[in-house]
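Following: one structure in structure tokens, then a few remarks.
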Amino acid sequence: MLFIVFSELLLKDIFNNSMSKKKYTKLHQCTFCNYSSSKVAHVKDHILIHTGERPFKCNICGKDFNQRTNLRNHMFIHTGKRLFKCCHCGKQFAMKGNLTAHNKRHTGEQKKK
């Protein structure tokens with residue numbers, strides 16, 4: 001009886017350990033490559049890269065995207081919102097990638113061609 005209680009407590013402790021949770025989490029696998037995730041939605045989004053499907057379309061310019069977040073970020077171009085600000089000169093950008101490219105001018109890095 002004591003052994004059973006001890007075993008149950010030990011198993012509960014092992015499972016509650018965050019490292020052990022990862023070990024027992026079911027991974028969903030991409031059917032095209034080695035990508036896997038514990039969230040099936042992430043794998044579904046990832047598979048769109050392989051299929052070329054782009055279900056998210058901008059209703060202003062018609063550009064399409066494979067992920068909803070890419071469409072959301074694109075919409076900042078049309079709305080004029082500039083969420084990304086250069087810490088060197090204060091210039092603002094709608095897209096993070098444009099700020100990153102701009103920052104290279106301050107640091108002296110050249111854009112790869």
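Values in this text are rule-based calculations from the coordinates and carry no lab data. Because the structure is a prediction, the values reported are computed rather than measured. Cβ coordinates were reconstructed from backbone atoms using ideal geometry, including for glycine residues, and neighbour counts include every protein chain displayed.
How high is the FRET efficiency between THR51 and HIS28 when r is their beta carbon distance and R₀ equals 22 Å, given to the nearest 0.05?
0.85
Modelled label-to-label distance, ILE60 and ARG72, 7 Å Cα→beta-carbon offset: nm?
Those two pseudo-labels are separated by 1.7 nm.
Mind checking the full-extension length gain between ALA41 and CYS89? Use 0.36 nm per residue of separation minus the Cα-Cα distance, one decimal, nm.
13.3 nm is the gain from fully extending ALA41 to CYS89.
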